[in-house]
Amino acid sequence: MTVVLVAGATGSLGSLIVKNLLERGATVRALVRPSSADGGARLRDVAGHENLTLHVGDLTDGAAALAPHLAGVEVVVSAVQGGPDVIIDGQLELLRAAETAGVHRMIPSDFSINLWGYDYGVNILSDLRRVFADAFRTSAVARTSVAIGAFPEYFLGPFHEVLDPAAGTFSVWGDGTRPIDITTVPDTAAFTAAIALDPRTAGRDVHVVGQQMSMLELRNEVEAASGRRWALIRKGSLDDLKAEIVRRQFAATNPFTYVALQYQKGMFDGSASLTDVRNADYPDVVPATVAEYLAGAGAAHFEVPSAPVALDEWPVTV
Ligand SMILES: NC(=O)c1ccc[n+]([C@@H]2O[C@H](COP(=O)([O-])OP(=O)(O)OC[C@H]3O[C@@H](n4cnc5c(N)ncnc54)[C@H](OP(=O)(O)O)[C@@H]3O)[C@@H](O)[C@H]2O)c1
C-alpha cells in the first residue's frame with residue numbers, strides 16, 4: 001500500500017483527498033495543526049480508519065520538525081491554503097523534509113487554472129505557486145502539479161462577482177463564448193487521489209476537468225437549475241477587465257479585491273485554459289456535470305446571503 005502524507009488535511013479539499021486515498025487503499029498520514037489535533041469536523045467520519053493516522057504539525061515548524069512525519073512516506077499531497085508564508089516558505093519546509101525522508105513525489109497545493117499558460121506578474125496567487133515550483137528544479141523529489149480550472153463552489157460564490165442572487169444578475173467580461181474549465185472540489189479530490197497513486201505522473205503537470213463550457217452556456221445552466229431568469233450584465237471587453245484589475249490593484253489594501261479578476265482574465269482570454277486533459281487516464285473518476293452540481297450543493301448559490309460578504313479574507317466554499 002502506498003503511504004501518502006496529506007498536508008492541509010482538515011481543509012475543504014484536503015479532507016476529501018484523504019477520504020479518496022483511503023477508498024483507494026492507501027495508507028494515509030493526515031498532517032493536522034495543533035488546533036485541529038483531533039482531525040476536526042471534516043475528518044470526523046474517517047477518524048478511526050485503520051489506514052489513517054493523524055500527525056500533528058504546522059508547516060511553519062520547519063523541515064527538521066516535519067521530517068519524522070515523513071519517514072516511510074512515498075508521496076506528499078499538499079492542499080494548504082495561505083499567503084507566501086504557507087505556499088512558499090511552509091511548502092518549502094515540507095519539501096526539504098520530504099527530501100530528507102526520501103519521498104518520491106509531491107503534489108503542491110496548486111489546484112488551479114493552467115498557471116503555466118501565463119507569466120509572472122499576471123496573478124498574485126499563481127506567482128506564489130510558481131516560486132515554490134522553482135524549488136523542485138534542484139530537488140530529488142519529483143513535482144506533480146494538478147490543474148483543474150475553477151471550483152464552481154468559488155466561481156459562483158461572491159468572490160468572483162459572477163452571480164448576484166440579490167440583483168438576479170450574471171456578469172461576464174468579454175464576449176462569454178470561450179470555453180472555461182470547471183471542476184468541483186469533490187471531483188478535484190477524487191482526481192488528485194488517483195493522480196497521487198499514479199507513478200506515471202512524476203515530474204508532470206496533469207490537467208483534468210469536470211466540464212468545459214462557455215460563460216453563456218454556464219448562464220443557461222444556472223437559469224435551468226434555478227428556474228429563474230438571470231439578467232446578463234456585460235461588464236466590458238477583456239481590455240476593460242485588465243484596466244479594472246489595474247484600478248483595483250492601485251486602491252487595494254489586500255489582494256482579495258482583485259485576484260478573482262486576475263483568474264478570470266486567464267480564463268476568459270484562454271491563456272489559462274487546460275491543455276492535454278487527461279481524464280481518460282482515470283476512467284474510474286466520473287466527475288459531476290455542472291447541471292448535477294447546480295442541482296445539488298450548488299443550489300446554495302441561488303440564495304441571497306443573509307449578511308453582506310466581506311471580500312477581505314480567504315473565501316469559503318458553499
Ligand atoms: N481552482 C479554484 O477555483 C480554487 C478555489 C479555491 C481554492 N483552490 C485551491 O485549493 C487548495 C486548497 O484550498 P481549500 O479551499 O481546501 O483551503 P482550506 O479549506 O482553507 O484549507 C486549508 C488547509 O491548509 C491548512 N493550513 C494552513 N496553513 C497551514 C500551516 N501553516 N501548516 C499546516 N497546515 C496549514 C489548514 O489547516 P487548519 O484547518 O488548521 O486551518 C487547512 O487544513 C489551495 O491550493 C487553493 O488555492 C482552488
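Based on Cα atoms of the stretch 199-318, Rg over Rh with Rh as the Kirkwood radius reads 1.00.
Antiparallel beta bridges, as assigned by DSSP with both residues in the chain, represent about 15 percent of the total such bridges. Spin-label model, Arg137 to Ser214: label points 7 Å out along the Cα-to-beta-carbon direction sit 4.0 nm apart.
Near Gly8, the amide H atoms lying under 5 Å from its own belong to Leu31, Ala79; only residues 5 or more places off or on other chains count, and H is placed 1.01 Å from N. Taking Val277, Val146, Val32 in turn, the Gaussian network model of the chain (Cα-Cα springs below 10 Å) assigns the largest fluctuation to Val277. In the chain, a dipole from Cβ-located charges (positive for Lys and Arg, negative for Asp and Glu) runs towards its positive end, and of Thr10, Leu52, Ile180 it is Ile180 whose Cα lies farthest in that direction. Taking a ≥ b ≥ c as the square roots of the eigenvalues of the Cα gyration tensor, the chain is prolate, since a/c reaches 1.5 or more and a/b is larger than b/c. Working note: Karplus 6.51/-1.76/1.60 with θ = phi - 60° gives the stretch 218-234 the couplings 4, 4, 4, 5, 5, 5, 5, 6, 8, x, 9, 8, 10, 4, 7, 9, 8 Hz, where Gly and Pro are set to x. Mind checking which lysines have their C-alpha under 26 Å from Lys265, skipping anything on the same chain fewer than 8 residues away? Result set, ordered by chain and number: Lys235, Lys242. Expressed in units of 2.2 N^0.38 Å, where N is the residue count, the Cα radius of gyration of the stretch 11-78 is 1.05. Only helices enter this figure: runs of n ≥ 4 DSSP H residues, each worth -39500 (n - 2.57), summed and divided by the residues of the chain, yield -9000 deg cm²/dmol at 222 nm to the nearest 500. Each principal axis of the Cα cloud of the stretch 182-254 was taken in turn, and the coordinate range along them, longest first, works out to 44, 39, 22 Å. Please grab the % of Cα pairs in the stretch 57-143 that end up more than 18 Å from each other. Of the Cα pairs, 39 percent sit more than 18 Å apart. Assuming charge only on the beta carbon of Lys and Arg (+1) and of Asp and Glu (-1), the dipole of the stretch 193-307 about its Cα centre is about 460 debye to the nearest 20. Solvent exposure of the chain, expressed per residue, is 42 Å² of accessible area, with all protein chains present and a 1.4 angstrom probe. Quotient of the Cα radius of gyration of the stretch 218-270 and 2.2 N^0.38 Å, N being its number of residues: 1.40.
Below 8 Å, C-alpha to C-alpha, sequence gap of six or more: please give me the relative contact order for the chain in percent. RCO, the chain: 18 percent. For the chain, modelled as a GNM with alpha-carbon contacts under 10 angstrom, which of Val290, Val304, Val209 fluctuates the most? Comparing Val290, Val304, Val209 in a Gaussian network model of the chain, the most mobile one is Val304. Using Cβ point charges alone (K and R +1, D and E -1), the dipole size of the stretch 89-214 about the Cα centre works out to roughly 480 debye. Based on the inverse mean of 1/r over its pairs of different Cα atoms, what is the Kirkwood hydrodynamic radius of the stretch 143-230, in Å? After inverting the pairwise mean of 1/r, the radius is 14.5 Å. Using only Cα coordinates, the Kirkwood hydrodynamic radius of the stretch 4-131 works out to 14.8 Å.
Over the C-alpha atoms of the stretch 102-253, the Rg to Rh ratio, Rh being the Kirkwood estimate, stands at 1.02. Here the Karplus curve 6.51 cos²θ - 1.76 cosθ + 1.60, taken at θ = phi - 60°, turns the phi angles of the stretch 74-81 into couplings of 9, 10, 10, 10, 10, 10, 6, 9 Hz, with x standing for Gly and Pro. Per atom type, the stretch 47-140 shows carbon and sulfur on 53% of its accessible surface, probed at 1.4 Å.
Taking the DSSP bridge list for the stretch 162-310 and keeping only pairs wholly inside it, about 45 percent are antiparallel. Comparing Leu125, Leu31, Leu238 in a Gaussian network model of the chain, where Cα atoms under 10 Å apart are tied by springs, the biggest mean-square fluctuation is seen for Leu238. Out of every Cα-Cα pair that the stretch 170-213 contains, those further apart than 12 angstrom amount to 69 percent.
When +1 charges are put on Lys and Arg Cβ atoms and -1 charges on Asp and Glu Cβ atoms, the dipole computed for the stretch 61-141 relative to its Cα centre reaches about 180 debye. Farthest towards the positive end of the charge dipole of the chain, among the residues Ala202, Thr138, Leu43, is the Cα of Thr138, using unit charges on the Cβ of Lys, Arg, Asp and Glu. Listed values for the stretch 96-105 are Karplus-derived 3J(HN,Hα) couplings in whole Hz (6.51 cos²θ - 1.76 cosθ + 1.60, θ = phi - 60°), namely 4, 5, 5, 4, 4, 7, x, 4, 7, 9, and x replaces Gly and Pro.
The values are calculated or read from the model by the stated rules, or taken from the named source; none is laboratory data. Just so you know, these numbers come straight off a predicted model, no measurement behind them. Glycine also receives a Cβ, built like all others from the backbone with ideal geometry; neighbour counts cover every protein chain displayed. Side chains included, ligands, DNA and RNA excluded: accessible areas come from the protein's heavy atoms. Shrake-Rupley method; radii C 1.70, N 1.55, O 1.52, S 1.80 Å.
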